[in-house]
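The values are calculated or read from the model by the stated rules, or taken from the named source; none is laboratory data. Quantities reported herein were computed from a predicted structural model and do not represent experimental measurements. Here Cβ is always computed from backbone atoms with ideal geometry, including for glycine, and neighbour counts include all displayed protein chains.
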Amino acid sequence: MLLDRTGDRRRRMRRTVGIGAVLGVATAGLVVTAPAAFAAVPAFPDNVVVFPDRDFVSVEGYERYAGETATLQVTRANVGVVGSAKAVVSDSGVAFEVNHPGGVCWGAGTGLNVTPDIKAGDVVSISFADGTKDETTTSSATVTGDMVRDGTTITVQGKFGPEVDPARMEQRIINPDLVDVIGKRDIRAIPGPIVPAAKGGYSSGLEVRADRTFTATYQFDTLEAATTAAAADLGERAMYWQEEDADGNRQGLTIAEYGEFGGPGMGGCPSGPGQQGAPAGTASVVRSADKTSAVIKWTAAAALPDADKVTGYSVEAVNSATSTVQGVRLGATASGTTLTGLDSAATYTFEVRSMAGSKMSVPFGPATAAGPRDETLPTLTVTPVGGTTPEEAVEANSVSVASNGEVFFTTDGSSVIEGDGPSLTAEPYTGPIPITAPTHVNIATFDQAGNHLQESGDYKPVSVAAPATPTGLAGTQTQNSMALTWNAVTGTDISYQVTVYDTNGTKLATQPPVSSVPRQNVTGLTAGTTYQFTVAAKNAGGTSAESERLIKATDTATDRITITTAKWKTGDFRVVGTGSTVGASVQVFRVNADGSRGAAITGATAAVVAAAPPGIGDYSIRLRTNVPTTNPGRIYVVSSNGGVAGPFAVANG
């Protein structure tokens, strides 16, 4: 469930969790006639909850990934990724939060140091190393003004876009002071006429109009209750969920909070795009031998997503003795210029700044200064040293350069030097030069007195053999998925490609590749159907042969089982949940370290009995004797009709 501070406790959580979820394997990929391209809305008990007004995201569940690092991204159509963060998943129910006290900042672990201004339509996705990816699309449903009280009646106005199904929308007012008046901190209005609340104290309804506006109306039993509700500070919310499962769990949830402000949610987090300054990059300078001119080049840092774009550059030479300045303003596409008319006897500091509208960046690093001429050559070390001809090209993934001067290079065959300075095509060296094809590299280093050294060499990519074929392909099935595992292949930059065939060997789909981990969950399968699976390993050297085929059937359709609560303390062990088949018996099992089903817990059995709503039953297991001596940790519950729920963390208490 969402924590109390979010003000949103969802309906009673019920859902069958298949064995694929037990194993903690990927949920990305759908068996169709072409590879799947889209991630799914999270399924209970997992959720990605978006608070766009506060640029805050709460990630729930994902306990099977506890201790692993997840990546959260905010993606905008026609823009790309506008915000991202990495965080370690907790096993506490709330996996992690971004831009909220106790959580991580946007940019954590990704270097995209901007707090995104989350807007309607933005897709917030979570992904893991095994290929799992779920996403929530930010809703446009929102309150548009302060609530209005008239006696014991309060109304709240709002609007929503065409993507919103009003049946999955509600409006809420949050005020903790309401607990003392009507026994609960939040009140809600759902589409339909005004009806009494189940626990009394008020009546409410939500009128939805054809022009995509809505009015929530609350009629309170007392003036005190109405006055208390109206005193809520920033309490008006519009909530929308993309999906609701058969057990009433709301998935892909957006909570819009009228009157809240975005930007950093805690100290130390990066500013939003509107507060970002002009970006700074790196620059280099080479002064001519006669000291009357200087060639300045720079590599600009790209503006952060949604921030002001670079509109130009300012390049200045500051006379260190007189503080006089001469310079030039250039357009946004410039990457270098030559300043002339310098005093040959003077020392100058050269400064490059980007401009973004009215903003100007700090000087690009490194600091550059040029003084009177000397005759000492700069140092230059190239690793590895290249071959002298293309036939003698040296294998390398990259070429590194060390120098006490300013280094420039070309890889297109052009000269790196023109006159006594870098050529127009020369690029400033900012890090290892990648070698992805046969390349002739020209390298030159200049000191600020104009002295220079040059080296060149031929290189080719390191030969990499295709990886070995994976072995040990195995699978654990549910009704609609197959959790595949295999033995890892030795090598670097290995990824894996799973292919799915029907029972006759006809290819159905190639799954999205996964990297780092030898496992993947294939979803979207048909219950009670036999499939064939293979896996191949890939790297820069090619793709291995497909593994031996795993031929295995999915489970036949079964009943649905959920676990609502599981608690242990000395002398008392209790598990409560639901089942879709009244009369079925259920048994509690331990979970092994690898996620597979362990031993049954003696005596932990019960029958599913009828309960509301129709078609849903409840079970309650309680041991007061033969209680496990320690907390079992994680459990599944298995039905006599084949339904499986888990893994579920057993709480102490």
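Numbers below:
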quantity: For residue 514: the one exception among (1) surrounded by 21 or more Cβ atoms within 10 Å (Cβ to Cβ); (2) modelled with pLDDT of 95 or more; calculated: (2)
quantity: Count of the stretch 383-405 residues which are surrounded by 19 or more Cβ atoms within 10 Å (Cβ to Cβ) and under 38 Å from the mean Cα position of the chain (by Cα); calculated: 3
quantity: Filter pass, residue 605 being more than 23 Å from residue 67 (Cα to Cα) and either surrounded by 15 or more Cβ atoms within 10 Å (Cβ to Cβ) or not aliphatic (A, V, I, L, M) (or both); calculated: yes
quantity: Residue selected from the stretch 538-576 under the condition part of a loop (DSSP other than H, G, I, E, B) and modelled with pLDDT under 90, by the criterion nearest to the chain's Cα centre (by Cα); calculated: 540
quantity: Any hit, the stretch 328-341, residues being over 26 Å from residue 431 (Cα atoms) and free of Cβ contacts under 8 Å to residues at least 40 places away in the same chain; calculated: yes
quantity: Residues that are out of contact with any Gly (no Cβ under 7 Å at 6 or more places or on another chain) and either assigned to a strand (DSSP E or B) or polar (S, T, N, Q) (or both), drawn from the stretch 242-260; calculated: 244, 249, 250, 251, 252, 253, 254, 255, 256, 257
quantity: Odd one out for residue 150, checked against (1) modelled with pLDDT of 95 or more; (2) surrounded by 20 or more Cβ atoms within 10 Å (Cβ to Cβ); calculated: (2)
quantity: Unmet requirement for residue 579, which otherwise passes all of (1) modelled with pLDDT of 90 or more; (2) of a type outside the set (Val, Ile, Thr); (3) surrounded by 22 or more Cβ atoms within 10 Å (Cβ to Cβ); calculated: (1)
quantity: Top-ranked residue of the stretch 90-109 - restricted to ones that are modelled with pLDDT of 95 or more and β-branched (Val, Ile, Thr), ranked as nearest to the chain's Cα centre (by Cα); calculated: 98
quantity: Residues that are touching a helix residue (DSSP H, G or I) at 6+ places or on another chain (Cβ under 8 Å) and closer than 15 Å to residue 52 by Cα, drawn from the stretch 73-99; calculated: 82, 99
quantity: So residue 431, is it in a loop (DSSP other than H, G, I, E, B), surrounded by fewer than 18 Cβ atoms within 10 Å (Cβ to Cβ), among the small types (Gly, Ala, Ser) and touching a strand residue (DSSP E or B) at 6+ places or on another chain (Cβ under 7 Å); calculated: no
quantity: Criterion violated by residue 215 - all others in (1) of a type outside the set (Lys, Arg); (2) in contact (Cβ under 8 Å) with a residue 40 or more places away in the chain; (3) closer than 14 Å to residue 158 by Cβ; (4) touching a helix residue (DSSP H, G or I) at 6+ places or on another chain (Cβ under 9 Å) satisfied; calculated: (4)
quantity: Matching residues, the stretch 242-279, being within 20 Å of the chain's Cα centre (by Cα), more than 28 Å from residue 308 (Cβ to Cβ) and crowded, with 21+ Cβ neighbours inside 10 Å; calculated: 251, 252, 253, 255
quantity: Filter result for the condition that a residue is surrounded by fewer than 17 Cβ atoms within 10 Å (Cβ to Cβ), over 25 Å from residue 541 (Cα atoms) and either out of contact with any helix residue (DSSP H, G or I) (no Cβ under 7 Å at 6 or more places or on another chain) or not assigned by TED's automatic domain parsing to the domain that holds residue 643 (or both), over 487, 504; calculated: 504
quantity: Failed item, numbered, when residue 289 is tested on (1) at pLDDT 90 or above; (2) in a loop (DSSP other than H, G, I, E, B); (3) more than 26 Å from the chain's Cα centre (by Cα); (4) not hydroxyl-bearing (Ser, Thr, Tyr); calculated: (1)
quantity: Flag if residue 475 is modelled with pLDDT of 90 or more and either at positive phi or in contact with a helix residue (DSSP H, G or I) (Cβ under 6 Å, 6 or more places away or on another chain) (or both); calculated: no
